[in-house]
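The values are calculated or read from the model by the stated rules, or taken from the named source; none is laboratory data. This one's a predicted model, so the numbers in the text were calculated from it and none came from an experiment. Here the Cβ positions follow ideal geometry from the backbone for every residue, glycine too, while neighbour counts run over all protein chains shown. Note: accessible area is taken over every heavy atom of the protein model, side chains too, but ligands, DNA and RNA are not part of it. Shrake-Rupley method; radii C 1.70, N 1.55, O 1.52, S 1.80 Å.
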Amino acid sequence: MANLNGTTSDLRTEFLKVYSVLKSELLNDPAFEWTDGSRQWVERMLDYNVPGGKLNRGLSVVDSYKLLKEGKDLTEEEVFLASALGWCIEWLQAYFLVLDDIMDGSHTRRGQPCWFRVPKVGMIAVNDGIILRNHIPRILKKHFRTKPYYVDLLDLFNEVEFQTASGQMIDLITTIEGEKDLSKYSLPLHRRIVQYKTAYYSFYIPVACALLMAGEDLEKHTGVKDVLIDMGIYFQVQDDYLDCFGEPEKIGKIGTDIEDFKCSWLVVKALEHCNEEQKKILFEHYGKEDPADVAKIKALYNDINLQGVFNDYESKSYERLTKSIEAHPSKAVQAVLKSFLGKIYKRQK
């Protein structure tokens, strides 16, 4: 397992081996008396929800830790621990997504039906979400309890979960049925939702995990956090863009931001660029289920050339982020941040 100098697919294969180890430990957790039925349920639930995504968040813990060690070969234990932390983030992601899909009434996720849409699952998925969330401290306790940074890890996961749930709350309360008012949507609101709902758990926590493992004090790295949050916002703007203009085959889901009355970057930008006539169209048709309404919004987006506005935003963000990264005193930390930016710049999915 120490050979981590291979290709991406090798990395992924090694990473998935750690998933199997963690899963087997969880399915034999001594704190619960297992039955065949309960074990089969949890195993199926884990396999359906945890390892199916791109695994970017989890793998980036291993990548980041490697870069922080500046080319030194990692021991098997280091690889295992970095992977285990990566999986804790994937577990966190799975927990958020299972519950998020129920709240949004979504149909597909990662190209398959949402977990709660699977026959015989239904609202049991709510409890499955709680189980997923509770697996994280089980994994941390089993593998990190003797480490000097154990408490910092627990704090980090608790804090990021709180930030993400609070971001989800702002997102949900701004889209309450019957209170749909486009005029309250703005760039600062979009930024707040994204910062809390996505940026902390997608960008900050993988690097924070790697920094803790490398013996660093997170208090001394607030600059790194700022850059990563900024990157997370850029990533979500791409996501908003792909929700409307991406190809469902590539992104693995059918975008519904327009129907869901989401405070998407596109609608906020449209509000900025519209004339009065176009604003009327936006107010009248945004947040409606009917495909004809959605088509009108998309046509409007094309009329005001939102694709051009996005391309401009993308290149300016890239320049700004690169500048912030290059201002960082540590070359190893720069390498970590640059590798993140490289992975998301101009992505198609």
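I'd like to verify a number: residues in the range 119-129 that are under 20 Å from the mean Cα position of the chain (by Cα) and either surrounded by 19 or more Cβ atoms within 10 Å (Cβ to Cβ) or not in a helix (DSSP H, G or I) (or both), how many?
Quick first cut of the range 119-129, residues under 20 Å from the mean Cα position of the chain (by Cα) only: 125-126, 128-129.
Going one step further and asking which of them are either surrounded by 19 or more Cβ atoms within 10 Å (Cβ to Cβ) or not in a helix (DSSP H, G or I) (or both), we end up with 125, 128-129.
The number of residues fulfilling the criteria is 3.
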Counting only residues that are farther than 24 Å from R191 by Cβ and of a type in the set (A, V, I, L, M, F, W, C), the range 248-294 contains a total of 4
Out of everything in the range 193-212 that is open to solvent by 10 Å² or more (accessible area, probe 1.4 Å) and free of Cβ contacts under 8 Å to residues at least 60 places away in the same chain, what residue ends up being nearest to D63 (Cα to Cα)?
Y204
For the range 39-97, give me the residue count where each residue is among the hydrophobic types (A, V, I, L, M, F, W, C) and not in a helix (DSSP H, G or I).
3
Looking at (1) surrounded by fewer than 16 Cβ atoms within 10 Å (Cβ to Cβ); (2) on the phi > 0 side of the Ramachandran plot, can you tell me which one L55 breaks?
(1)
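Do you know which residues across the range 273-316 are touching a residue at least 40 places away in the same chain (Cβ under 8 Å), of a type outside the set (D, E, K, R) and in a helix (DSSP H, G or I)?
L282, F283, Y301, L306, Q307, V309, F310, Y313
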Test result for D104, within 20 Å of G52 (Cβ to Cβ) and surrounded by 19 or more Cβ atoms within 10 Å (Cβ to Cβ):
no
Of all residues making up the range 292-323, the number that are open to solvent by less than 80 Å² (accessible area, probe 1.4 Å) and farther than 25 Å from S264 by Cβ
1
Could you pull out the residue among G215, G246, G223, G255 that is of a type outside the set (D, E), open to solvent by 10 Å² or more (accessible area, probe 1.4 Å) and on the phi > 0 side of the Ramachandran plot?
G215
Please enumerate the residues belonging to the range 153-192 that are open to solvent by less than 50 Å² (accessible area, probe 1.4 Å) and on the phi > 0 side of the Ramachandran plot.
none
Note: among L140, L97, L92, L132, just one is of a type outside the set (S, T, Y), closer than 30 Å to K66 by Cα and more than 19 Å from the chain's Cα centre (by Cα), namely L140
Residues satisfying the stated conditions in the range 22-38, i.e. open to solvent by 30 Å² or more (accessible area, probe 1.4 Å), part of a helix (DSSP H, G or I) and under 13 Å from R138 (Cα atoms):
S24, E25
Are there any pairs, at least 6 apart or on different chains, whose C-beta atoms fall under 9 Å, with the first in the range 324-348 and over 17 Å from V61 (Cβ atoms) and the second surrounded by 14 or more Cβ atoms within 10 Å (Cβ to Cβ) and among the charged types (D, E, K, R), and if so, which?
S324/D230; I325/K338; E326/K338; Y345/E314; K346/E314
